[in-house]
Amino acid sequence: MTTLSSVWPLFDLTLATPRLELRPIMDEEIPSAVASACTGIHEPGKNPFSTPWAELPAEELGPNMARWYWRCRAECTPESWTLLLGVWHEGGFIGCQDVGAKDFATLKTVTTGSWLKQSVQGRGFGKEMRAAVALYAFDWLGAEVAESEAADWNEASLGVSRSLGYEFNGTTRKAWGTKVETVQHVRLTPQSFKRPDWILQVKGHEAAANYLKVS
């Protein structure tokens, strides 16, 4: 029998940490993601994203998020891919962690981004979910570099980066929405990675790796 996961193998991928489960968001879970985002992600006027999507009115936020999830799937190829992973804690949806790459077969480099609803911030979840995708990238996909970025005032994100061993890798000026921000780039390698004291549990890797053509 043909199943959804046989058609789209990435749906079977699951990363588990001591407190979190990370896995691709199914269509029926998009409402939970939207509801989580609607509770608030950041303080008004302190947009941490290159596109101020979290500031959209409620009636626009849901369709915008759905379009983004569908776009990431539609454009996912071995040459350019984004794994958009929902994050669950004790059965509840609390945020999203992505890991993606372009020309991964050659560059062996991934980029990451994430968000958490405000009510669960400050509990170490951001570090735990970033560590999960770094472990997956280095130990399972064979990545050699993981990159990320944050506005230079975003101490929460940069603090997570420092705690995991990322090295600062220059700044650029970028237009984020209608504002100009100084963006701090960070870079992590297997050698500089400050690994957590827990083991990442992975399910569904072989099918995902085959689809992404990661050897």
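The values are calculated or read from the model by the stated rules, or taken from the named source; none is laboratory data. All values reported here derive from a predicted model rather than from experimental measurement. Glycine gets a Cβ as well: all are built from the backbone with ideal geometry, and neighbour counts include every protein chain shown. SASA here: full protein model, heavy atoms, side chains in, ligands and nucleic acids out. Shrake-Rupley method; radii C 1.70, N 1.55, O 1.52, S 1.80 Å.
Take the residues in the range 22-45 that are in contact with a strand residue (DSSP E or B) (Cβ under 8 Å, 6 or more places away or on another chain) and not in a helix (DSSP H, G or I), then tell me which one is surrounded by the most Cβ atoms within 10 Å (Cβ to Cβ). Full working, then the answer.
So the first thing to find is which residues in the range 22-45 are in contact with a strand residue (DSSP E or B) (Cβ under 8 Å, 6 or more places away or on another chain), and the list is 22-25, 29, 32-33, 35-37, 41.
Imposing the further condition that a residue be not in a helix (DSSP H, G or I) reduces the set to 22-25, 41.
On the way: Leu22: 26, Arg23: 20, Pro24: 22, Ile25: 21, Ile41: 19.
Only one residue tops the list, namely Leu22.
Being open to solvent by 50 Å² or more (accessible area, probe 1.4 Å) and either under 16 Å from the mean Cα position of the chain (by Cα) or among the acidic types (Asp, Glu) (or both) is the filter here; which residues of the range 46-81 pass it?
Within the range 46-81, Ser50, Thr51, Glu55, Glu59, Glu60, Trp68, Trp70, Arg71, Arg73, Glu75, Glu79 meet the criteria.
Does the range 153-161 contain any residue that is within 14 Å of Arg187 (Cα to Cα), surrounded by 14 or more Cβ atoms within 10 Å (Cβ to Cβ), among the small types (Gly, Ala, Ser) and in contact (Cβ under 8 Å) with a residue 60 or more places away in the chain? Explain how you work it out, then say what you get.
Applying the first criterion (within 14 Å of Arg187 (Cα to Cα)) to the range 153-161 yields 157-161.
Going one step further and asking which of them are surrounded by 14 or more Cβ atoms within 10 Å (Cβ to Cβ), we end up with 157-158, 160-161.
Filter again for among the small types (Gly, Ala, Ser), leaving 157, 161.
Checking the rest, the ones that are also in contact (Cβ under 8 Å) with a residue 60 or more places away in the chain come to 157.
The answer is yes, given that some residue of the range 153-161 is within 14 Å of Arg187 (Cα to Cα), surrounded by 14 or more Cβ atoms within 10 Å (Cβ to Cβ), among the small types (Gly, Ala, Ser) and in contact (Cβ under 8 Å) with a residue 60 or more places away in the chain.
If the requirement is being open to solvent by 40 Å² or more (accessible area, probe 1.4 Å) and among the hydroxyl-bearing types (Ser, Thr, Tyr), which of these qualifies: Thr172, Thr189?
Thr172
Those residues that are part of a strand (DSSP E or B) and either at pLDDT 95 or above or not β-branched (Val, Ile, Thr) (or both), I need them from the range 183-215; list them, please.
If the condition is that a residue be part of a strand (DSSP E or B) and either at pLDDT 95 or above or not β-branched (Val, Ile, Thr) (or both), then Gln184, His185, Val186, Arg187, Leu188, Gln201, Val202, Lys203 are the ones that fit.
Which condition number in (1) free of Cβ contacts under 8 Å to residues at least 12 places away in the same chain; (2) open to solvent by 60 Å² or more (accessible area, probe 1.4 Å) is the one that Arg19 fails?
(1) is the only condition that Arg19 fails.
Just wondering, is there one or more residues in the range 99-111 that are within 21 Å of His42 (Cα to Cα) and open to solvent by 40 Å² or more (accessible area, probe 1.4 Å)?
no
Tell me which residues, restricted to the range 137-157, are modelled with pLDDT under 95 and in a helix (DSSP H, G or I).
Glu155, Ala156, Ser157
So, of the residues in the range 50-91 that are free of Cβ contacts under 8 Å to residues at least 24 places away in the same chain and small (Gly, Ala, Ser), which turns out to be nearest to Asp27 (Cα to Cα)?
Filtering first and then ranking leaves Ala74.
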